[in-house]
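Notes follow once the structure below has been shown.
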Ligand SMILES: Nc1ncnc2c1ncn2[C@@H]1O[C@H](COP(=O)(O)OP(=O)(O)OP(=O)(O)O)[C@@H](O)[C@H]1O
Ligand SMILES: [Mg+2]
């Protein structure tokens, strides 16, 4: 990594200047030296540096003045002072002025290198914080992401930390949580950004086709191989290869993939000559690969090879604070696209959305909003415009049940039993299973109750509307414990 870092050294004493240069160059830094502050400041205007090391006391511009000039034009560029005095005063003073560190003469090469490394690391951290803060301050999120919840900020930080490295990343998360968006952001913020980002959906192709897509094939290697085909590993050369839904790879393809990753070279199907590859691999899945390893459907060695840096995306229901932002953003986007004047969603509709479980996460939210914007006859989307899927663990607020309980009460009812006791992961599984069952129950409830409501408790008409036979409809009513009488309008 050091090879890419450009350091600028300013000292009027040739011995020190050249000494520092030798130390830094021995650690593969790229170094330019200057005898005066003026010349150095000119150079900084033309060339981006990662770090400046300057003597404090020099004829002409002093180190302090150099620092001030740098802070005016490039506040992010870190500056280290070389100082003759080890006094605490001058150290504190230079730090106050914005120097990142100082080093006292005489110094060993180890001290110099440690100080430099530390300053460069600090800079990465400071820059991350700086960009994130700046991006989040007056926007809805980071990059293409919408959301400012703690959970998402963690994800953004992780992206910024990991993007510049060449490490393999395994992105996990439920369907629609933004895995592909993360993969693209990682590429965009990496040094490979000017080369291709190649996404391969491992679910879309049959095994043999997928292998020839990935590794390529030579002409005549199998029936249908009329022409030599370049594999996607080669297409992504210099860039990023995104393997989406890796859990779908067959065990044979997994073995081949592992070989390619281990050897860092790829041999096309029917070919004999391997060629080296230079790609960064990003993989994603919404399955639990550890479980698959335990079941024997995913190779453990491949799992270790791709799970170098795990990046897990939170489901939307665990960051409900982001829902209003996402809803607002999406209403605007869709309304603009179809040229409709919609201001947003009603308070009731927002409440329903915030208590909905979104099994399809952000993608599902987008679909719900898109439908609502299209259907809405008002400038404000109401609960009636929302068509929630089977992930509803609540009775939506527009379908008041008999006691007119609010959706919130129902939710806490489900959870009440679990909140006060310490839970094991087994308990968690049990609760999830329970909630899933409830979800179905509630959907059935909505279905029956809303039909009865619409028809004032008339079972015949309600069952006709739903397309069910009357006895079946009645059986369902019995199962969920509702009686038609409660819905007869008085
Ligand atoms: N935080 C977010 N902010 C804004 N849009 C998002 C966010 N997360 C996801 N999206 C959008 O939601 C949709 C689904 O995202 P994406 O395709 O990245 O999800 P995924 O995890 O890859 O889903 P799947 O597992 O189904 O492939 C996309 O349109 C994406 O732009
Ligand atoms: Mg995806």
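Read the figures in this text as sums done on the coordinates, not as results from a lab. Note that this is a predicted model, so its numbers are computed, not measured. Backbone-built Cβ (ideal geometry, glycine too); neighbour counts: all protein chains shown.
In nm, to one decimal, how far is the modelled label at residue 194 from the one at residue 174, with both set 7 Å along Cα→Cβ?
Calculated label separation equals 4.2 nm.
To make sure I understand, if each residue's beta carbon is the centre and we count other beta carbons within 10 Å, what order do 355, 27 fall in, fewest to most?
The order, fewest Cβ neighbours first, is 27, 355.
Counting other C-beta atoms within 10 Å, which of 172, 460 has the fewest, and how do the rest follow?
Going from sparsest to densest Cβ surroundings: 460, 172.
Give me the three principal axis extents of region 164-314 from the C-alpha atoms, as integers in angstrom, largest value leading.
Principal-axis extents of region 164-314 (Cα, largest first): 46, 39, 26 Å.
How would 38, 487 line up from fewest to most surrounding beta-carbon atoms within 10 angstrom?
38, 487
If you line up the Cα atoms of region 257-351 on their principal axes, what length do they span on each, largest first, in Å?
Sorted from largest, the Cα extents of region 257-351 read 62, 33, 21 Å.
Could you compute how fast region 226-283 diffuses translationally, taking Rh as the Kirkwood radius over C-alpha pairs and applying Stokes-Einstein at 20 °C with viscosity 1.002 mPa s? Give it in µm² per second.
177
What spacing in nm lies between the two simple spin-label points modelled at residue 447 and residue 304, each 7 Å away from Cα in the Cβ direction?
It works out to 4.8 nm between the two label points.
Residues of region 341-359 with backbone nitrogen within less than 20 Å of a virtual label 7 Å along the Cα-to-Cβ line of residue 377, please, listed as ranges.
So the set is 341-349.
What number, in nm² with one decimal, is the all-direction average of the projected area of the convex hull of the alpha-carbon atoms of region 155-231?
6.5
For region 317-389, max minus min Cα coordinate along each principal axis, in Å, sorted largest first?
Here the spans come out as 32, 21, 20 Å, largest first.
Distance from the Cα centre of region 469-488 to that of region 186-256, in angstrom?
Cα centroid to Cα centroid, the span is 54 Å.
Considering only C-alpha atoms, what is the centroid distance from region 63-78 to region 30-56, in Å?
So the two Cα centres are separated by 11 Å.
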